[in-house]
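Laboratory data are not the source of any read-out in this text; all were calculated from the coordinates shown. Quantities reported herein were computed from a predicted structural model and do not represent experimental measurements. Glycine gets a Cβ as well: all are built from the backbone with ideal geometry, and neighbour counts include every protein chain shown.
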Amino acid sequence: MIDSFVRRLGMIAASSLVLASCGGQKEETQTTAETSAPVEAATPGAEDEAKVTGDAIMNADATPGAWLSHGRTYSEQRFSPLDEVNMGNADQLGLAWAFDLGVSRGIEATPIIHDGVMYVTATWNIVYALDAKTGAEIWSFDPEVDRSRASIMCCDVVNRGVAIWGDKIYTGTIDGRLIALKAKTGDKIWDVNTIDKSKPYSITGAPRIVKGKVIIGNGGAEFGVRGYVSAYDAETGRIVWRFYTVPGDPSKEPENTAMAMAMDTWNGEEWWKLGGGGTVWDSMAYDPELDLLYIGVGNGSPWNQELRSPGGGDNLFLSSIVALRPDTGEYVWHYQTTPGDTWDFTATQHMILADLEIEGVSRKVIMQAPKNGFFYVVDRETGELISANNFVPINWATHVDMETGRPVEVADARWPGKAPYLQLPGPLGAHNWHPMSFNPETGLVYIPAQEAPWGYGDDPDFEIREGVWNTGSNFLYGLLPTDLAQFKALKAMLKGRLLAWDPVKQEAAWAVEHQGPWNGGILSSAGGLVFQGTADAHFAAYDAATGDEKWRFFTQTGIVAAPVSYEVDDEQYVAVASGWGGSYALGFGGPLPTGSEAKVGRVLAFKLGANGELPALTPSDAAMAPPPAMTASAAEVEKGLAAYARYCIVCHGDHAQSSGLVPNLRHSAVLGDAAAWNMIVREGAFAENGMGSFGAFVDEEISEAIRAYVISEANSGRDAAYYESIGKEE
Ligand code: CA
């Protein structure tokens, strides 16, 4: 099947690279004066002046009822020491409360819990403070982000949560701001721009706070940016340091010795014009004893290494774990998981610090299961590779050479200039951003693992198009085949599982198969349980030792976020944000069962003996208009498909098969109306809803061809095949 797939796609000759020069813009800093609004009520936290400090986070186990930083501890283990909910009683869990986040896009937030208050983010960076016992809203804050920037975000308008420090809450926004709020009231204290707004940067990650500095990175490597991470003073919002992850303009002096070292690993003179990539869009960890801050660095920009760095090179610090000094941002060491990345193989995935006994010696390790499919155990003091093994089937490398620490590649997998290659894993990764968990009692790492194949191939018409994806790979190869039988066969290759991995033996302990990829992040607990939400709209508890399911709850929508556990008035809660979304949801839909909806986002809190019920859903796609008749020629449709793959697929889905998060183009009311279609596509009529104008790239002829392609898909009969593949009624 893979052969026929590749044969159908055919060979396309590489063409010359045209690079445009991008204009720059100075970074602005705007500080809003502190305003104090009196809010005095019998709300949790209102009387409490206890401030969150670095000591409090370092001693998180002394207050196991709180959740004070993104991964609970600086080690980011996501293990709760609470054990009131345990193996013996998990089946008595029930819904204590649900809070409607009032949004319709993906929810990826990990809540922070302090002093009986939960702080959580929703779509469009709206921040909520909730009573952690009842779910009652205490305050909300809307940063009023520029929603048109949704079209320069690769992977949905998501956010992974806030940070707490002192008496303040910190949040990053999709339009690149870092904002400090009063924890008590939600009043804004300062609001700092962290990006060059003329470039397609965005923030989706949760800030981490170390030694009074708010550490924040950003995303944008699919569009073309130069990655960096910055530290801001938590009190004032003043920038303290910035560390670039890839070199800049080679005609200028490198910023530091690390950049001088990195420069030697890049070829050509063009990469810096598109930024080079290496964004720090999610994971970090901190070891207070070693005083090292670890950052996970993303993929190259463009993906295609021949365009980015002709002739190869490792391209530091792409796809690397980098250790920095948190006071200064000074480089200490790095370990590169994928030298010379050409597959969107980020190393931004969750990193966990632990002490493991390996061959009789206690080792201080950092563990990561990045997109490329290998599980790495690295000495976190030196960056030395201790062990690596693939945790899912892969066909791009055979193993990691322990002498060099480098993957041994399969020759055909390095696709630029060669035949298209259908690969596991693809850009969705063997594991994406969804957090893992390490249980020190079982010694296992619990991974939301997945298999999602992707066809990589050259883009003969590549040129930099500012404002859209610039990968240098043709997404026609990433599209699943048009033939219905192959379509079903490839849908069946999509897999997802909860994988319990022994990091010492580097082998699986057990696995639970899910309906497909893109399941939620993970929490493990001293109650011997592992909690995970799933793409098919459930939240479940499993036996940490065996994977046996102990409890399951229908959540009405898919879950991608990670759960947390906390305690109020001596009762343990397990909470998770529901809300289907992210890149897989947008690109490939998902296995939402009948009776569920994509556009539902809530915080769900569970405790023993509760019996709450979710409100009934109102189906949103009740009346679907029949598609207009096909009138366009096959050539017109082919032209539309090429443009669709370049501009539309990443949000509107393969074969125009929407996830339900964004309008289903097959059933669009304007599909039969060329003028209205043009108003949206070319003139940005729906920009405020996140559908920016594509008028700079798509002329009327192309817009019309895309419409013809979508009409052809609407008449293809694929809907029925798709719904059959996920066991859902159309
Ligand atoms: Ca990427």
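Along its first, second and third principal axes, ordered by size, the range 247-368 spans 47, 29, 24 Å in Cα coordinates.
Evaluated at q = 0.14, 0.19 Å⁻¹, a Debye calculation over the C-alpha positions of the range 634-725 (equal weights, vacuum) places log10 I(q)/I(0) at -0.45, -0.85.
Compute the label zone of E513 within the range 370-407: residues whose backbone N is under 20 Å from the point 7 Å along Cα-to-Cβ. It comes to 391-395, nothing else. Contact order, relative form, for the chain: 14 percent (alpha carbon pairs under 8 Å, 6 or more residues apart, mean separation divided by residue count).
Fully extending the segment from F554 to N193 would add 125.9 nm, taking 0.36 nm per residue of separation and subtracting the current Cα-Cα distance. If only the Cβ of Lys and Arg carry +1 and only the Cβ of Asp and Glu carry -1, the dipole of the chain around its Cα centre is close to 920 debye.
Using a simple spin-label model with pseudo-atoms 7 Å out from Cα toward Cβ, R325 and S362 lie 2.8 nm apart. Only DSSP H runs of four or more residues enter the estimate; each adds -39500 (n - 2.57), and after division by the residues of the chain the mean residue ellipticity at 222 nm equals -3500 deg cm²/dmol. Computed from the Kirkwood radius of its Cα pairs, the Stokes-Einstein diffusion coefficient for the range 564-622 at 4 °C and 1.567 mPa s stands at 93 µm²/s.
For the range 525-670, the alpha carbon convex hull comes to 145 Å³ per residue, rounded to a whole number. Note on the range 172-282: Cα-only Rg and Dmax are 15.2, 52 Å.
For the range 634-725, the residue among A642, I702, A675 whose Cα projects farthest onto the positive side of the dipole built from Cβ charges is A642. For A675 and E613, the FRET efficiency from 1/(1 + (r/R0)^6), where r spans their Cβ atoms and R0 equals 45 Å, is about 0.45. Label sites at A62 and A136, each approximated as a point 7 angstrom past Cα along Cα to Cβ, lie 3.2 nm apart. For the range 96-119, the residues whose amide N sits under 13 Å from a probe point set 7 Å from the Cα of E84 along the beta carbon direction are 96, 116. Once the chain from E688 to T404 is taken as fully extended at 0.36 nm per residue, the excess over their C-alpha distance is 97.2 nm. The chymotrypsin sites (Phe, Trp or Tyr not before Pro) of the range 108-165 include none that DSSP puts in a loop with a beta carbon having at most 12 other beta carbons within 10 Å. Length gained on full extension, D699 to S633: 21.9 nm, using 0.36 nm per residue less the C-alpha separation.
A Cα-only calculation for the chain places Rg and Dmax at 24.1, 72 Å. Here the 3J(HN,Hα) profile of the range 314-322, calculated from phi with Karplus coefficients 6.51, -1.76 and 1.60 at θ = phi - 60°, is 6, 6, 5, 9, 4, 6, 10, 9, 10 Hz, Gly and Pro shown as x.
3J(HN,Hα) couplings calculated from phi for the range 145-155 with the Karplus curve 6.51 cos²θ - 1.76 cosθ + 1.60 (θ = phi - 60°) are, in sequence order, 5, 6, 5, 5, 6, 4, 7, 10, 10, 5, 9 Hz; Gly and Pro show x. Distant-in-sequence amide contacts of I209, defined by a placed amide H-H separation under 5 Å and a gap of 5 or more residues or a different chain, comprise I215. Binning the alpha carbon pair distances of the range 414-525 at 5 angstrom intervals from zero yields the distribution 2, 11, 16, 17, 15, 13, 11, 8, 5, 2, 0, expressed in whole percent. Sequentially through the range 494-510, phi angles give Karplus couplings (6.51, -1.76, 1.60; θ = phi - 60°) of 6, 9, x, 8, 8, 10, 8, 10, 8, x, 7, 7, 6, 8, 6, 8, 6 Hz, Gly and Pro residues having no value and appearing as x.
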